[in-house]
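Below: one structure, written as structure tokens.
The values are calculated or read from the model by the stated rules, or taken from the named source; none is laboratory data. Since this is a predicted model, take the numbers as computed values, not measurements. Using ideal geometry, Cβ is built from the backbone for each residue, glycine included, and neighbour counts are taken over all protein chains shown. Each accessible area value is taken on the protein alone, full model and side chains, heavy atoms only, with ligands, DNA and RNA left out. Shrake-Rupley method; radii C 1.70, N 1.55, O 1.52, S 1.80 Å.
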Amino acid sequence: MNGWVVLLWSFVAALVLIVAGIFVALVLMGRINLFPAAEPTIAPTPEVTGVVDTTYSVLVLNASGEDNLDVQLRETLINSGWAADSVSYGTAGDQDFADTTVYYVSEADELPALGLADVIGGAEIAQSDFYADPSNPDQKQLVIVIGTDRSTQAPDSEEAPVE
């Protein structure tokens, strides 16, 4: 029986040495890292969301070429909480404006402009003092220029030549 015990112990010793040798070889080759460096965590960037502020007056200008879009958008704003006397509308001078855009004057107006863009179903926002009232620089006003992206009419096509 002593012979079998010696044989069993030598088999276990050989197995331990083989496993240890494989482990050391993997460590030396770099396939196993005993002390991995902590991976830097990337903090998620907060998504900027708008603030719906109904204290702003809103000017809606229709530059899409389609009639009554300004009236419809005005009604949407009134139904969303703006006072009827704080939402004015009209036709823009240019009737071929591509993308609906909400314009704001100062950096403090950016979040309300984002909120207004969300209320109207999405629009670009841009900072511009083009629509600012020079006689009242402290006026809280946002301007929506409705573009052809909101138009439901098919673009005018030229007549095909008659053969």
task: Show the residue pairs that are 6+ apart or on different chains and have beta-carbon atoms under 8 Å apart, the first residue being within region 80-97 and closer than 15 Å to I120 by Cβ, the second being acidic (D, E).
output: Y89/D70
statement: Filtering region 40-74 down to residues that are of a type outside the set (A, V, I, L, M), without any contact (Cβ under 8 Å) to a residue 60 or more places away in the chain and in a loop (DSSP other than H, G, I, E, B) yields P40, T41, P44, T45, P46, E47, T54, D67, N68
message: Contact list please: Cβ distance under 8 Å, first residue in region 139-151 and more than 7 Å from V58 (Cα to Cα) and open to solvent by less than 10 Å² (accessible area, probe 1.4 Å), second residue modelled with pLDDT under 80 and hydroxyl-bearing (S, T, Y), pairs at least six apart or on different chains.
response: I146/S64; G147/S64
query: What do you reckon, is T45 under 28 Å from A108 (Cα atoms), under 24 Å from the mean Cα position of the chain (by Cα) and either open to solvent by 100 Å² or more (accessible area, probe 1.4 Å) or among the hydrophobic types (A, V, I, L, M, F, W, C) (or both)?
result: yes
query: Can you spot a residue in region 29-39 that is part of a loop (DSSP other than H, G, I, E, B), surrounded by 10 or more Cβ atoms within 10 Å (Cβ to Cβ) and in contact with a strand residue (DSSP E or B) (Cβ under 6 Å, 6 or more places away or on another chain)?
result: no
query: In region 101-131, which residue that is open to solvent by 40 Å² or more (accessible area, probe 1.4 Å) and assigned to a strand (DSSP E or B) is nearest to S151 (Cα to Cα)?
result: E124
- request: Consider A98 carefully, then state whether it is modelled with pLDDT under 85, of a type outside the set (V, I, T) and open to solvent by 40 Å² or more (accessible area, probe 1.4 Å).
  value: yes
message: in contact (Cβ under 8 Å) with a residue 60 or more places away in the chain and on the phi > 0 side of the Ramachandran plot: is that true of G30 in this structure?
response: no
- prompt: If you go through region 75-100, how many residues are assigned to a loop (DSSP other than H, G, I, E, B), within 27 Å of T49 (Cβ to Cβ) and touching a helix residue (DSSP H, G or I) at 6+ places or on another chain (Cβ under 8 Å)?
  reply: 5
Members of region 58-75 found to be in contact with an Asp or Glu (Cβ under 9 Å, 6 or more places away or on another chain) and open to solvent by less than 30 Å² (accessible area, probe 1.4 Å), listed by number: V60, L61, N62, A63, S64
